[in-house]
1. Which of the lysines could a cross-linker span from LYS200 if the Cα-Cα distance has to be under 24 Å and same-chain partners fewer than 8 positions apart are dropped?
2. In whole Hz, what ³J(HN,Hα) sequence does the stretch 16-21 give by Karplus (6.51, -1.76, 1.60; θ = phi - 60°), x for Gly and Pro?
3. Under 10 Å from the Cβ of VAL151, count the other residues' Cβ atoms, weight Lys and Arg +1, Asp and Glu -1, and hand me the total.
4. Could you give the size of the charge dipole of the stretch 7-139 about its Cα centre, using +1 on the Cβ of each K and R and -1 on the Cβ of each D and E, expressed in debye and rounded to the nearest 20?
5. Pull up all non-local amide H partners of ILE10: gap of 5 or more, or a different chain, and H-to-H distance under 5 Å with H placed in the peptide plane.
6. Among ASP193, ASP13, ASP109, what is the fewest-to-most ranking by other Cβ atoms within 10 Å?
7. Enumerate the calculated ³J(HN,Hα) couplings along the stretch 35-48 in order (Karplus 6.51 cos²θ - 1.76 cosθ + 1.60, θ = phi - 60°), each rounded to whole Hz, writing x wherever the residue is Gly or Pro.
8. Set Lys and Arg Cβ to +1 and Asp and Glu Cβ to -1, take the dipole of the stretch 101-182 about its Cα centre, and tell me which of GLN133, ILE170, THR105 lies farthest positive.
Amino acid sequence: MAETTPIVYIVDDDISVRESMEMLVRCAGYQPETFASAQAFLNHQRVHTPACLVLDIGLPGLNGLGLQQHLAASRNEMPIIFVTGCNDVPVTVQAMKAGAQEFLTKPFDDEVLLSAIRHAIERSQAAVGRDAQLQAIKARYASLTMRERQVMALVVAGLLNKQVGSQLGISEITVKAHRGKVMLKMQAESLPDLVRIAAKLRIAPGAVNQPRNPSSLPTQQPMALYPLALPSGRYLQ
């Protein structure tokens, strides 16, 4: 199948259930991958593509809830559809509170499962898209020089070119040149657009060092996802 085909991971210790779900998922146009245990799933190298997990609660060894906790600890945001042979309300509540997409009790209609899978894949596609966008923004930010990063941090704080120059000890013309390169490299069409990009990078607007005239400039403190260099050669974390 094409690499872009969404994957449905199926973890169930009942081979007949796995095979039945595998056929259903494949006929629906998704790529099924089946596992008999949670550990087998964890040992499998997964690709970064839209996916969801159809997970049995009562697995031998590490059970479904344990696998859910493991994935949450590793910041894996894959939507999980739990399936179980018994209607255990406390377990259902625990799974849903931990972020499960759906909780189905066997036996269930095929269309009910497919509907849950479709919603889970849509959620995963949105998450993968956001992650790809963020990675692209990070790559553009990494292309900035250290001075350009300094200028960007101060510009998104709302400082005028003259104030940025005073802050960094450079001329206003030089600031304009750096600012233009920042806008170009970050593919920002406007200052508000650049501010939104900085927010996605978690770059908090603020000064890079103490202004020459403290009364004329904002007193916000700097904080950035990436370190910003001070003129002295030290770095802000």
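What follows draws every value from the coordinates through simple rules; no lab data is involved. Remember, it's a predicted structure, so these values are computed and weren't measured experimentally. Cβ coordinates were reconstructed from backbone atoms using ideal geometry, including for glycine residues, and neighbour counts include every protein chain displayed.
1. Hits, sequence-local ones excluded: LYS138, LYS176, LYS181, LYS185.
2. With the stated coefficients, the stretch 16-21 comes to 5, 5, 4, 5, 5, 5 Hz.
3. +4
4. Computed about the Cα centre, the dipole is about 620 debye.
5. GLU33, THR34, PHE35, VAL54
6. So the residues, fewest neighbours to most, are ASP109, ASP193, ASP13.
7. 9, 8, 8, 5, 5, 4, 5, 5, 6, 7, 7, 9, 9, 8
8. ILE170
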